Amino acid sequence: MTKNTPARATAPHVSIIGHITADEMLRYLNATELVNGFMNRFVIFAVRRTQLLPDGGDLSAIDWASLVGRLAAALDHGRSTGELKPTPAARDHWRELYPQVSAERPGLFGAATARAEAHVVRLALLYALLDCSDGIDHVHLGAACALWDYASRSAHWLFGDTLGDPVADDIWQAVKASTAGLTKSDIRDLFSRNKSVKAINSGIDALVRAGRLQRVTRPTSERGGRPAELFVPTTSSQTPPDGRARRTA
């Protein structure tokens with residue numbers, strides 16, 4: 001709008017497809033963009049090279065006729081169709097999936113996948129349009145859930161189990177590396193006793209709320225000694241989370 005001859009788009013629909021390395025993404029994506037609803041508007045797909053082609057690929061050897069015809073038919077269908085609604089079977093299945101798909105996840109991974117339910121619905125709609133269907137059927141929802149499962153796993157591969165709190169993340173790494181768990185004193189020593197009790201307690205509480213840590217008491221070797229309070233990983237935190245939709249799809 002600051003140009004001498006500004007242009008205006010009416011009712012625009014903007015899509016973005018971007019490519020970036022994992023290192024570059026983690027280096028330049030800040031915590032604010034992760035938690036303010038910016039990053040979770042994107043669907044993340046981890047990809048890798050599958051072939052070494054020093055002379056390049058030969059696209060001329062591919063028969064594009066079938067694909068072009070199907071894509072043209074899908075475009076014509078999309079331009080002429082009205083509102084696509086889910087079939088009764090798809091609607092019932094979606095109601096079953098919704099609690100899992102929309103469940104909150106902790107940390108940066110959770111922030112990056114916080115719009116899971118919206119993405120699954122959009123993907124199901126795209127599959128229905130590509131299928132030239134008059135409605136979103138059970139099979140389209142299943143395909144959308146499978147694709148979102150991969151996207152969710154890609155996001156977890158990228159962000160891991162980081163919470164975005166440096167103190168909590170340092171505590172978590174130390175607890176995972178310990179075979180017997182850590183006491184509160186061990187955790188203070190982890191920071192050379194340079195962190196305040198408030199900061200350490202806040203980090204521990206964040207890990208407990210995220211389902212990463214649990215408090216356990218174990219007897220000491222000294223007769224009559226007070227049981228030691230230890231912080232150990234929860235059982236569920238030992239296994240990387242599945243995609244949100246995969247468990248019930």
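Each reported figure results from applying straightforward, stated rules to the coordinates on display, with no laboratory input. All values reported here derive from a predicted model rather than from experimental measurement. Cβ coordinates were reconstructed from backbone atoms using ideal geometry, including for glycine residues, and neighbour counts include every protein chain displayed.
One Cα centroid belongs to segment 150-175, the other to segment 186-207; the line between them spans 18 Å. Here the contact order of segment 166-235, divided by its residue count and restricted to Cα pairs under 8 Å and six or more residues apart, works out to 37 percent. Shown for HIS77, HIS140: other C-beta atoms within 10 Å of each C-beta, ranked fewest to most, produce the order HIS77, HIS140.
Once you have a ≥ b ≥ c as the square roots of the Cα gyration tensor eigenvalues for segment 1-72, tell me rounded if a/c is under 1.5, and otherwise prolate or oblate according to whether a/b is larger than b/c. Verdict is oblate for segment 1-72. Here the contact order of the chain, divided by its residue count and restricted to Cα pairs under 8 Å and six or more residues apart, works out to 21 percent. What is segment 33-137 by shape, rounded, prolate or oblate, if you read a ≥ b ≥ c off the alpha carbon gyration tensor as root eigenvalues and call it rounded for a/c under 1.5, prolate for a/b larger than b/c, and oblate otherwise? Oblate, because a/c is 1.5 or more while a/b does not exceed b/c.
Each residue of segment 10-19 was assigned a 3J(HN,Hα) from its phi angle through the Karplus expression (A = 6.51, B = -1.76, C = 1.60, θ = phi - 60°), giving 9, 6, x, 10, 9, 10, 10, 10, x, 10 Hz with x at Gly and Pro.
Taking the helices alone, the chain has a mean residue ellipticity at 222 nm of -14500 deg cm²/dmol, built from -39,500 (n - 2.57) per DSSP H run of at least 4 residues and averaged over all its residues. Take the chain and mark each of the GluC sites (Glu not before Pro) that is in a DSSP loop with at most 16 other Cβ atoms within 10 Å; the longest unmarked stretch, sites excluded, is 105-221. Backbone amide hydrogens, once placed in the peptide plane, bring THR162 within less than 5 Å of LEU108, PHE109, excluding anything fewer than 5 places away on its chain. Beyond 31 Å, the tail of the calculated P(r) for the chain holds 46 percent of the Cα pairs.
Comparing ASP23, ASP149, ASP186 in a Gaussian network model of the chain (Cα springs below 10 Å), the most mobile by mean-square fluctuation is ASP23.
Between ARG212, ARG226, ARG70, the GNM of the chain built on Cα springs shorter than 10 angstrom shows ARG226 fluctuating the most. The mean of 1/r over all pairs of different alpha-carbon atoms in segment 40-81, once inverted, gives a Kirkwood hydrodynamic radius of 14.2 Å.
Take the chain, connect every pair of alpha-carbon atoms lying under 10 Å apart with a spring to form a Gaussian network, then pick out the residue of LYS198, LYS184, LYS176 with the largest mean-square fluctuation. Taking springs between Cα atoms under 10 Å, the residue moving most is LYS198. Segment 25-54 and segment 72-101 have Cα centres separated by 27 Å.
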